[in-house]
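Contents: one structure, followed by commentary.
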Amino acid sequence: MIKYFNEMSQGNKILVGMILGFIVGLILNLFVSDPFIKNVVLIDNVFYLGGTLFIRLMKMLVVPLVFFSIAVGVASISDVKKIGTIGGRTIFIYILTTIVAVTIALFIGSLIQPGAGLNLTYTGQTSNITANQTITDTIVNIIPENPFASLANGDMLSVIIFALLIGIILAKLKSELPVVESFFTQGNKIMMEMTNIVMKFAPIGVFCLMGKTFGGLGLDGLLPLGKYIICVLIGLAIQAFMVYPSLMILFTRLNPIRFFKRFYMVMLFAFSSSTSNATIPLNLEKLEEMGVSRDVSSFTIPLGATINMDGTAIMQGVAVMFAAQAYGMDLGTTALLTVVITAVMASIGTAGVPSVGLVTLTMVFNSVGLPVEAIGMIFGIDHILDMFRTAVNITGDAICTIIVSFKNKSLDVNIFNGKKQPDIQEHVKFPEL
Ligand code: ASP
(Lines give C-alpha, C1' and ligand atoms only; values in the text may rest on other atoms or scores of the structure.)
Protein backbone atom coordinates (compact mmCIF):
# COMPACT_ATOMS: atom_id res chain seq x y z
CA MET A 1 0.00 0.00 0.00
CA ILE A 2 2.76 2.46 1.03
CA LYS A 3 4.81 1.38 -1.98
CA TYR A 4 1.82 2.03 -4.22
CA PHE A 5 1.37 5.48 -2.67
CA ASN A 6 5.05 6.32 -3.14
CA GLU A 7 4.85 5.47 -6.82
CA MET A 8 1.90 7.79 -7.43
CA SER A 9 2.29 11.13 -9.19
CA GLN A 10 2.48 14.18 -6.92
CA GLY A 11 -0.93 15.37 -8.05
CA ASN A 12 -2.54 12.04 -7.17
CA LYS A 13 -0.82 11.99 -3.77
CA ILE A 14 -2.32 15.41 -3.02
CA LEU A 15 -5.70 14.13 -4.14
CA VAL A 16 -5.39 11.13 -1.84
CA GLY A 17 -4.37 13.45 1.02
CA MET A 18 -7.41 15.55 0.34
CA ILE A 19 -9.87 12.65 0.17
CA LEU A 20 -8.47 11.05 3.32
CA GLY A 21 -8.52 14.40 5.15
CA PHE A 22 -12.10 14.92 4.04
CA ILE A 23 -13.18 11.45 5.21
CA VAL A 24 -11.34 11.68 8.54
CA GLY A 25 -12.74 15.19 9.08
CA LEU A 26 -16.29 14.05 8.38
CA ILE A 27 -15.95 11.01 10.66
CA LEU A 28 -14.68 13.30 13.40
CA ASN A 29 -17.49 15.75 12.88
CA LEU A 30 -20.28 13.21 12.65
CA PHE A 31 -19.23 10.34 14.89
CA VAL A 32 -16.72 11.49 17.50
CA SER A 33 -18.51 13.15 20.33
CA ASP A 34 -15.65 13.47 22.84
CA PRO A 35 -14.73 17.18 22.52
CA PHE A 36 -11.28 16.62 24.02
CA ILE A 37 -10.16 14.14 21.36
CA LYS A 38 -12.05 15.84 18.58
CA ASN A 39 -11.38 19.51 19.20
CA VAL A 40 -8.46 19.83 21.59
CA VAL A 41 -6.24 16.99 20.39
CA LEU A 42 -7.04 16.62 16.71
CA ILE A 43 -8.63 19.73 15.20
CA ASP A 44 -6.90 22.42 17.26
CA ASN A 45 -3.54 20.76 17.62
CA VAL A 46 -2.59 17.92 15.29
CA PHE A 47 -4.42 19.15 12.19
CA TYR A 48 -3.81 22.78 13.02
CA LEU A 49 -0.07 22.16 13.36
CA GLY A 50 0.25 20.10 10.16
CA GLY A 51 -1.85 22.55 8.15
CA THR A 52 -0.28 25.72 9.51
CA LEU A 53 3.27 24.47 9.04
CA PHE A 54 2.50 23.74 5.43
CA ILE A 55 0.85 27.13 4.85
CA ARG A 56 3.90 28.81 6.37
CA LEU A 57 6.17 26.91 4.02
CA MET A 58 4.11 28.19 1.12
CA LYS A 59 4.19 31.75 2.44
CA MET A 60 7.94 31.48 2.84
CA LEU A 61 8.30 30.84 -0.89
CA VAL A 62 6.25 33.69 -2.22
CA VAL A 63 8.42 36.80 -1.98
CA PRO A 64 11.68 35.30 -3.27
CA LEU A 65 9.93 33.14 -5.87
CA VAL A 66 8.03 36.05 -7.39
CA PHE A 67 11.00 38.40 -7.08
CA PHE A 68 13.45 36.13 -8.90
CA SER A 69 10.94 34.81 -11.41
CA ILE A 70 9.83 38.27 -12.55
CA ALA A 71 13.36 39.68 -12.71
CA VAL A 72 14.61 36.68 -14.70
CA GLY A 73 11.51 36.59 -16.91
CA VAL A 74 11.79 40.26 -17.83
CA ALA A 75 15.57 40.08 -18.27
CA SER A 76 15.11 37.23 -20.75
CA ILE A 77 12.84 39.22 -23.03
CA SER A 78 15.55 41.63 -23.95
CA ASP A 79 14.66 41.12 -27.61
CA VAL A 80 11.36 42.85 -27.08
CA LYS A 81 12.71 46.13 -28.37
CA LYS A 82 14.36 44.47 -31.34
CA ILE A 83 11.24 42.59 -32.17
CA GLY A 84 9.45 45.90 -31.86
CA THR A 85 5.83 45.70 -32.87
CA ILE A 86 5.61 41.94 -32.28
CA GLY A 87 6.79 42.37 -28.70
CA GLY A 88 4.55 45.34 -28.02
CA ARG A 89 1.45 43.71 -29.51
CA THR A 90 2.09 40.41 -27.81
CA ILE A 91 2.53 41.89 -24.37
CA PHE A 92 -0.49 44.14 -24.89
CA ILE A 93 -2.73 41.17 -25.81
CA TYR A 94 -1.32 39.00 -23.02
CA ILE A 95 -2.07 41.64 -20.42
CA LEU A 96 -5.45 42.51 -21.91
CA THR A 97 -6.64 38.88 -21.93
CA THR A 98 -5.48 38.41 -18.34
CA ILE A 99 -7.36 41.52 -17.18
CA VAL A 100 -10.48 40.20 -18.93
CA ALA A 101 -9.95 36.79 -17.29
CA VAL A 102 -9.71 38.12 -13.71
CA THR A 103 -12.67 40.42 -14.27
CA ILE A 104 -14.82 37.52 -15.49
CA ALA A 105 -13.73 35.48 -12.46
CA LEU A 106 -14.59 38.25 -9.99
CA PHE A 107 -17.95 38.70 -11.66
CA ILE A 108 -18.80 34.98 -11.55
CA GLY A 109 -17.56 34.80 -7.96
CA SER A 110 -19.83 37.62 -6.87
CA LEU A 111 -22.76 36.18 -8.79
CA ILE A 112 -22.57 32.55 -7.61
CA GLN A 113 -21.09 33.37 -4.18
CA PRO A 114 -19.09 30.15 -3.71
CA GLY A 115 -17.89 31.05 -0.20
CA ALA A 116 -21.22 32.25 1.16
CA GLY A 117 -22.47 30.44 4.21
CA LEU A 118 -19.07 29.13 5.31
CA ASN A 119 -18.83 31.71 8.09
CA LEU A 120 -15.17 31.14 8.87
CA THR A 121 -13.47 33.39 11.36
CA TYR A 122 -9.97 34.64 11.13
CA THR A 123 -8.07 35.69 14.16
CA GLY A 124 -4.73 36.60 12.66
CA GLN A 125 -3.69 39.96 11.30
CA THR A 126 -4.77 41.11 7.89
CA SER A 127 -2.29 42.96 5.80
CA ASN A 128 -1.80 46.24 4.08
CA ILE A 129 -4.57 47.04 1.61
CA THR A 130 -8.09 47.22 2.92
CA ALA A 131 -11.37 48.13 1.36
CA ASN A 132 -11.04 51.64 2.86
CA GLN A 133 -7.83 52.54 1.15
CA THR A 134 -8.32 54.91 -1.77
CA ILE A 135 -7.23 54.17 -5.32
CA THR A 136 -4.72 57.01 -5.10
CA ASP A 137 -3.15 55.42 -2.00
CA THR A 138 -2.89 52.09 -3.78
CA ILE A 139 -1.13 53.68 -6.73
CA VAL A 140 1.23 55.69 -4.51
CA ASN A 141 2.08 52.63 -2.44
CA ILE A 142 3.10 50.65 -5.50
CA ILE A 143 6.38 52.57 -5.61
CA PRO A 144 8.38 51.37 -2.62
CA GLU A 145 10.01 53.99 -0.41
CA ASN A 146 12.39 51.30 0.64
CA PRO A 147 12.42 48.18 -1.55
CA PHE A 148 14.17 46.13 1.13
CA ALA A 149 11.44 46.95 3.62
CA SER A 150 8.87 45.95 0.98
CA LEU A 151 10.66 42.65 0.48
CA ALA A 152 10.78 42.09 4.22
CA ASN A 153 7.11 43.01 4.69
CA GLY A 154 5.93 41.11 1.64
CA ASP A 155 4.31 44.18 0.00
CA MET A 156 3.80 42.35 -3.22
CA LEU A 157 3.00 45.17 -5.61
CA SER A 158 6.13 47.04 -4.56
CA VAL A 159 8.19 43.85 -4.76
CA ILE A 160 6.91 43.27 -8.29
CA ILE A 161 7.68 46.81 -9.43
CA PHE A 162 11.18 46.55 -8.01
CA ALA A 163 11.70 43.16 -9.67
CA LEU A 164 10.40 44.51 -12.99
CA LEU A 165 12.88 47.39 -12.83
CA ILE A 166 15.75 45.06 -12.03
CA GLY A 167 14.67 42.82 -14.92
CA ILE A 168 14.57 45.73 -17.37
CA ILE A 169 18.00 46.97 -16.30
CA LEU A 170 19.43 43.45 -16.42
CA ALA A 171 18.05 43.04 -19.92
CA LYS A 172 19.84 46.21 -20.96
CA LEU A 173 23.13 45.65 -19.19
CA LYS A 174 23.27 41.85 -19.36
CA SER A 175 26.64 41.70 -21.09
CA GLU A 176 28.22 44.01 -18.51
CA LEU A 177 26.69 42.20 -15.54
CA PRO A 178 27.16 38.47 -16.10
CA VAL A 179 27.64 37.79 -12.39
CA VAL A 180 24.46 39.57 -11.35
CA GLU A 181 22.60 37.93 -14.20
CA SER A 182 23.65 34.45 -13.14
CA PHE A 183 22.88 35.35 -9.53
CA PHE A 184 19.28 35.96 -10.55
CA THR A 185 19.04 32.94 -12.84
CA GLN A 186 20.45 30.70 -10.15
CA GLY A 187 18.30 32.30 -7.47
CA ASN A 188 15.31 31.50 -9.65
CA LYS A 189 16.46 27.89 -9.98
CA ILE A 190 16.85 27.58 -6.24
CA MET A 191 13.34 28.89 -5.65
CA MET A 192 11.86 26.51 -8.22
CA GLU A 193 13.61 23.60 -6.53
CA MET A 194 12.47 24.80 -3.11
CA THR A 195 8.90 24.92 -4.43
CA ASN A 196 9.27 21.30 -5.56
CA ILE A 197 10.48 20.29 -2.12
CA VAL A 198 7.68 22.14 -0.32
CA MET A 199 5.16 20.52 -2.65
CA LYS A 200 6.37 17.12 -1.44
CA PHE A 201 4.76 17.98 1.90
CA ALA A 202 1.53 18.99 0.22
CA PRO A 203 -0.29 15.65 0.69
CA ILE A 204 0.23 15.81 4.49
CA GLY A 205 -0.53 19.53 4.64
CA VAL A 206 -3.69 19.08 2.60
CA PHE A 207 -4.76 16.11 4.71
CA CYS A 208 -4.49 18.21 7.87
CA LEU A 209 -6.17 21.27 6.35
CA MET A 210 -9.07 19.22 5.04
CA GLY A 211 -9.35 17.31 8.32
CA LYS A 212 -9.46 20.59 10.24
CA THR A 213 -12.00 22.22 7.93
CA PHE A 214 -14.39 19.30 7.59
CA GLY A 215 -13.89 18.19 11.19
CA GLY A 216 -15.25 21.60 12.15
CA LEU A 217 -17.80 22.15 9.39
CA GLY A 218 -18.95 18.65 8.54
CA LEU A 219 -21.06 18.32 5.43
CA ASP A 220 -21.76 22.06 5.39
CA GLY A 221 -18.36 22.62 3.79
CA LEU A 222 -19.11 20.53 0.71
CA LEU A 223 -21.50 22.82 -1.10
CA PRO A 224 -19.15 25.86 -1.13
CA LEU A 225 -16.29 23.74 -2.43
CA GLY A 226 -18.47 22.35 -5.20
CA LYS A 227 -19.62 25.88 -6.05
CA TYR A 228 -16.00 27.05 -6.15
CA ILE A 229 -15.10 24.33 -8.66
CA ILE A 230 -18.12 25.18 -10.80
CA CYS A 231 -17.26 28.91 -10.76
CA VAL A 232 -13.70 28.24 -11.91
CA LEU A 233 -14.86 25.87 -14.66
CA ILE A 234 -17.48 28.34 -15.91
CA GLY A 235 -14.87 31.12 -15.96
CA LEU A 236 -12.42 28.94 -17.88
CA ALA A 237 -15.09 27.92 -20.39
CA ILE A 238 -16.09 31.57 -20.99
CA GLN A 239 -12.48 32.58 -21.51
CA ALA A 240 -11.65 29.68 -23.84
CA PHE A 241 -14.84 29.46 -25.86
CA MET A 242 -16.17 33.01 -25.83
CA VAL A 243 -13.41 35.54 -25.14
CA TYR A 244 -10.68 33.96 -27.30
CA PRO A 245 -12.90 33.22 -30.31
CA SER A 246 -14.33 36.76 -30.13
CA LEU A 247 -10.84 38.25 -30.12
CA MET A 248 -9.84 36.03 -33.00
CA ILE A 249 -12.84 37.07 -35.08
CA LEU A 250 -12.43 40.70 -34.12
CA PHE A 251 -8.75 40.94 -35.03
CA THR A 252 -8.37 38.39 -37.84
CA ARG A 253 -11.83 37.35 -39.09
CA LEU A 254 -10.53 33.77 -39.11
CA ASN A 255 -12.81 30.93 -38.09
CA PRO A 256 -12.20 29.89 -34.44
CA ILE A 257 -13.84 26.51 -35.02
CA ARG A 258 -11.11 25.69 -37.52
CA PHE A 259 -8.61 26.66 -34.86
CA PHE A 260 -10.09 24.48 -32.14
CA LYS A 261 -10.48 21.49 -34.48
CA ARG A 262 -6.71 21.38 -34.86
CA PHE A 263 -5.68 22.78 -31.53
CA TYR A 264 -7.68 20.55 -29.16
CA MET A 265 -4.78 18.07 -29.09
CA VAL A 266 -2.46 20.66 -27.57
CA MET A 267 -5.14 21.48 -25.02
CA LEU A 268 -5.44 17.81 -24.11
CA PHE A 269 -1.70 17.56 -23.66
CA ALA A 270 -1.65 20.64 -21.42
CA PHE A 271 -4.61 19.20 -19.55
CA SER A 272 -2.88 15.94 -18.82
CA SER A 273 0.54 17.41 -17.99
CA SER A 274 -0.59 20.57 -16.10
CA THR A 275 2.42 22.43 -17.40
CA SER A 276 2.51 25.16 -20.01
CA ASN A 277 6.26 24.81 -20.40
CA ALA A 278 6.11 21.18 -21.47
CA THR A 279 3.48 22.09 -24.05
CA ILE A 280 5.68 24.60 -25.88
CA PRO A 281 7.00 22.20 -28.58
CA LEU A 282 3.57 20.83 -29.43
CA ASN A 283 2.05 24.29 -29.44
CA LEU A 284 4.71 25.54 -31.88
CA GLU A 285 4.20 22.56 -34.15
CA LYS A 286 0.40 22.84 -34.29
CA LEU A 287 0.56 26.56 -34.96
CA GLU A 288 2.96 25.95 -37.81
CA GLU A 289 0.53 23.44 -39.25
CA MET A 290 -2.05 26.23 -39.13
CA GLY A 291 0.19 28.53 -41.16
CA VAL A 292 1.82 30.56 -38.38
CA SER A 293 5.44 31.46 -39.08
CA ARG A 294 7.99 30.36 -36.52
CA ASP A 295 9.45 33.87 -36.61
CA VAL A 296 6.58 34.97 -34.47
CA SER A 297 5.63 31.82 -32.57
CA SER A 298 9.14 30.98 -31.39
CA PHE A 299 9.05 34.28 -29.52
CA THR A 300 5.42 34.51 -28.44
CA ILE A 301 4.80 30.93 -27.30
CA PRO A 302 7.71 30.55 -24.83
CA LEU A 303 7.01 34.08 -23.60
CA GLY A 304 3.33 33.26 -23.17
CA ALA A 305 4.12 30.03 -21.33
CA THR A 306 6.07 32.18 -18.89
CA ILE A 307 4.00 35.32 -18.46
CA ASN A 308 0.50 34.69 -19.82
CA MET A 309 -1.70 32.62 -17.51
CA ASP A 310 -5.32 33.53 -18.06
CA GLY A 311 -6.63 30.26 -16.66
CA THR A 312 -4.56 30.75 -13.52
CA ALA A 313 -5.86 34.32 -13.21
CA ILE A 314 -9.43 33.00 -13.36
CA MET A 315 -8.78 30.52 -10.56
CA GLN A 316 -7.21 33.32 -8.51
CA GLY A 317 -10.12 35.70 -9.07
CA VAL A 318 -12.67 33.09 -8.01
CA ALA A 319 -10.50 32.08 -5.03
CA VAL A 320 -10.40 35.70 -3.84
CA MET A 321 -14.19 35.94 -3.91
CA PHE A 322 -14.52 32.53 -2.26
CA ALA A 323 -12.24 33.50 0.62
CA ALA A 324 -13.71 36.98 1.05
CA GLN A 325 -17.21 35.52 1.27
CA ALA A 326 -16.13 32.67 3.54
CA TYR A 327 -14.58 35.12 6.01
CA GLY A 328 -17.36 37.69 5.61
CA MET A 329 -14.99 40.34 4.29
CA ASP A 330 -16.38 43.00 2.00
CA LEU A 331 -14.02 43.86 -0.82
CA GLY A 332 -14.51 47.43 -2.01
CA THR A 333 -13.69 48.81 -5.46
CA THR A 334 -10.10 49.60 -4.53
CA ALA A 335 -9.52 46.11 -3.20
CA LEU A 336 -11.03 44.60 -6.35
CA LEU A 337 -8.85 46.80 -8.51
CA THR A 338 -5.86 45.69 -6.47
CA VAL A 339 -6.87 42.07 -7.09
CA VAL A 340 -6.97 42.69 -10.85
CA ILE A 341 -3.52 44.32 -10.83
CA THR A 342 -1.96 41.71 -8.54
CA ALA A 343 -3.51 38.80 -10.44
CA VAL A 344 -2.05 40.15 -13.69
CA MET A 345 1.33 40.39 -11.95
CA ALA A 346 0.84 36.95 -10.44
CA SER A 347 0.16 35.60 -13.90
CA ILE A 348 3.50 37.05 -15.02
CA GLY A 349 5.19 35.62 -11.91
CA THR A 350 3.63 32.16 -12.22
CA ALA A 351 6.00 29.66 -13.77
CA GLY A 352 4.43 27.34 -16.32
CA VAL A 353 4.69 24.25 -14.15
CA PRO A 354 2.11 22.42 -12.02
CA SER A 355 0.59 24.12 -8.96
CA VAL A 356 2.63 27.33 -8.94
CA GLY A 357 -0.60 29.27 -9.42
CA LEU A 358 -1.45 28.37 -5.84
CA VAL A 359 1.81 29.78 -4.52
CA THR A 360 1.30 33.08 -6.31
CA LEU A 361 -2.30 33.08 -5.09
CA THR A 362 -0.95 33.82 -1.62
CA MET A 363 0.45 37.05 -2.98
CA VAL A 364 -2.96 38.04 -4.37
CA PHE A 365 -4.54 37.23 -0.99
CA ASN A 366 -1.90 39.24 0.84
CA SER A 367 -2.43 42.25 -1.37
CA VAL A 368 -5.98 42.69 -0.09
CA GLY A 369 -5.51 41.29 3.39
CA LEU A 370 -7.32 37.98 2.90
CA PRO A 371 -6.25 35.14 5.19
CA VAL A 372 -3.94 32.79 3.30
CA GLU A 373 -5.37 29.93 5.41
CA ALA A 374 -8.37 29.89 3.07
CA ILE A 375 -6.13 28.45 0.37
CA GLY A 376 -6.02 25.28 2.45
CA MET A 377 -9.62 24.54 1.59
CA ILE A 378 -9.11 24.72 -2.15
CA PHE A 379 -5.69 23.12 -2.15
CA GLY A 380 -6.90 19.57 -2.33
CA ILE A 381 -8.99 19.95 -5.43
CA ASP A 382 -6.53 22.27 -7.12
CA HIS A 383 -4.79 19.49 -8.99
CA ILE A 384 -7.88 18.92 -11.12
CA LEU A 385 -8.45 22.62 -11.72
CA ASP A 386 -4.76 23.02 -12.59
CA MET A 387 -5.32 20.63 -15.51
CA PHE A 388 -8.21 22.68 -16.88
CA ARG A 389 -6.56 26.05 -16.33
CA THR A 390 -3.28 24.99 -17.96
CA ALA A 391 -5.26 24.05 -21.09
CA VAL A 392 -6.72 27.57 -21.08
CA ASN A 393 -3.32 29.15 -20.37
CA ILE A 394 -1.76 27.71 -23.50
CA THR A 395 -4.83 28.39 -25.63
CA GLY A 396 -4.45 32.06 -24.73
CA ASP A 397 -0.83 31.96 -25.91
CA ALA A 398 -1.82 30.38 -29.22
CA ILE A 399 -4.71 32.77 -29.91
CA CYS A 400 -2.49 35.74 -29.20
CA THR A 401 0.17 34.29 -31.51
CA ILE A 402 -2.37 33.90 -34.31
CA ILE A 403 -3.55 37.48 -33.88
CA VAL A 404 -0.03 38.91 -33.75
CA SER A 405 1.20 36.90 -36.72
CA PHE A 406 -1.91 37.82 -38.71
CA LYS A 407 -1.31 41.50 -38.04
CA ASN A 408 2.36 41.03 -38.82
CA LYS A 409 1.54 39.23 -42.09
CA SER A 410 3.34 36.11 -40.89
CA LEU A 411 0.26 33.92 -41.05
CA ASP A 412 -0.63 32.08 -44.23
CA VAL A 413 -4.41 32.36 -44.32
CA ASN A 414 -4.65 29.73 -47.06
CA ILE A 415 -2.91 27.19 -44.87
CA PHE A 416 -5.12 28.15 -41.93
CA ASN A 417 -8.20 27.65 -44.06
CA GLY A 418 -6.96 24.29 -45.29
CA LYS A 419 -6.54 25.46 -48.90
CA LYS A 420 -2.80 24.87 -48.91
CA GLN A 421 -0.48 22.39 -47.19
CA PRO A 422 2.10 23.80 -44.77
CA ASP A 423 5.72 23.45 -45.73
CA ILE A 424 7.15 22.19 -42.44
CA GLN A 425 10.92 22.12 -42.23
CA GLU A 426 13.39 20.87 -39.68
CA HIS A 427 13.24 23.25 -36.78
CA VAL A 428 15.75 25.22 -34.92
CA LYS A 429 15.75 24.41 -31.23
CA PHE A 430 13.41 26.65 -29.31
CA PRO A 431 14.62 28.29 -26.13
CA GLU A 432 14.28 26.21 -23.02
CA LEU A 433 12.44 27.86 -20.15
N1 ASP B 1 0.08 24.73 -14.15
C2 ASP B 1 -0.04 26.05 -14.68
C3 ASP B 1 0.70 26.15 -15.99
O4 ASP B 1 1.70 25.52 -16.18
C5 ASP B 1 0.43 27.09 -13.73
C6 ASP B 1 -0.48 27.13 -12.51
O7 ASP B 1 -1.53 27.76 -12.61
O8 ASP B 1 -0.16 26.53 -11.49
O9 ASP B 1 0.29 26.87 -16.86
Problem - Built amide H within the under 5 Å cut-off of Gly352, gap 5+ - result: Asn277
Fill in the blank from the handout: So Glu193 and Leu165, fully extended at 0.36 nm per residue minus their Cα-Cα distance, gain in nm 7.6 nm
Handout entry: Phi to ³J(HN,Hα) by Karplus 6.51 cos²θ - 1.76 cosθ + 1.60 over the stretch 141-154, Hz, x for Gly, Pro
Key = 5, 4, 7, x, 6, 9, x, 6, 5, 4, 4, 5, 8, x
Practice task
At a 1.4 Å probe radius, which order do Lys174, Lys200 fall into by accessible area, largest first?
Solution key: Lys200, Lys174
Practice task
Determine how large the accessible area of Ile341 is when every protein chain is in place; take a 1.4 Å probe and give Å² rounded to the nearest 10.
Solution key: 60 Å²
Handout entry: Relative contact order computed over the chain (Cα-Cα under 8 Å; 6+ residues apart), in percent
Key = 31 percent
Exercise for the section: Search the structure for amide H atoms under 5 Å from the amide H of Gln113, placed 1.01 Å from N in the peptide plane, and list their residues when 5 or more places away or on another chain. Expected result: none
Practice task
For a label point 7 Å from the Cα of Asn119 along Cα→C-beta, name the residues of the stretch 178-221 whose backbone N is under 20 Å from it.
Solution key: 212-221
Exercise for the section: In a Gaussian network model over the chain where Cα atoms closer than 10 Å are linked, find which of Val100, Val404, Val46 has the largest mean-square fluctuation. Expected result: Val46
Handout entry: Fraction of accessible area attributable to carbon and sulfur, the stretch 1-100 (%, probe 1.4 Å)
Key = 72 percent
Problem - Relative intensity, log₁₀ I(q)/I(0), of the stretch 235-390 from a Debye sum that treats every alpha carbon as a point, q = 0.10, 0.11, 0.13, 0.21 Å⁻¹ - result: -0.39, -0.47, -0.65, -1.36
Exercise for the section: Kindly report, to the nearest 10 Å², the accessible surface of Leu170 as traced by a 1.4 Å probe over protein heavy atoms only. Expected result: 10 Å²
Handout entry: Fraction in percent of alpha-carbon pairs per bin - 5 Å, the stretch 335-430
Key = 3, 11, 14, 17, 16, 10, 9, 8, 7, 5, 2, 0
Exercise for the section: May I ask you to give the percent of accessible area on the stretch 334-433 that is carbon plus sulfur, with a probe radius of 1.4 Å? Expected result: 57 percent
Exercise for the section: Could you order Thr360, Thr306 so the one with the most accessible surface comes first? Probe is 1.4 Å. Expected result: Thr306, Thr360
Problem - Sequence-distant lysines (8 or more away, or on other chains) whose Cα lies within less than 22 Å of Lys419 - result: Lys261, Lys286, Lys407, Lys409
Problem - By accessible area with a 1.4 Å probe, ligands and nucleic acids excluded, highest first: order of Asp155, Asp423, Asp386 - result: Asp423, Asp155, Asp386
Handout entry: Distance histogram for the chain (every C-alpha pair counted, 20 angstrom bins, percent rounded to whole numbers)
Key = 26, 56, 17, 1
Handout entry: Per-peptide average of other Cβ atoms within 10 Å, ordering 326-335, 280-289 highest first
Key = 280-289, 326-335
Exercise for the section: Give me Rg over Rh for the stretch 2-117, both radii from the alpha carbons and Rh done the Kirkwood way, two decimal places. Expected result: 1.15
Problem - Å² of accessible area per residue within the stretch 207-262, as computed with a 1.4 Å probe and no ligands counted - result: 46 Å²
Exercise for the section: Would you calculate the separation in nanometres between label points at Leu250 and Gln10, each defined as 7 Å from the Cα along the Cα-to-beta-carbon direction? Expected result: 3.6 nm
Exercise for the section: Just read off the accessible area of Met321 with the full protein assembly in place, 1.4 Å probe, to the nearest 10 Å². Expected result: 20 Å²
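The values are calculated or read from the model by the stated rules, or taken from the named source; none is laboratory data. Because the structure is a prediction, the values reported are computed rather than measured. Don't worry about glycine lacking a Cβ; one is built from the backbone with ideal geometry, like all the others, and counts go over all protein chains shown. In case anyone asks, the SASA skips ligands and DNA or RNA and just uses the protein heavy atoms, side chains included. Shrake-Rupley method; radii C 1.70, N 1.55, O 1.52, S 1.80 Å.
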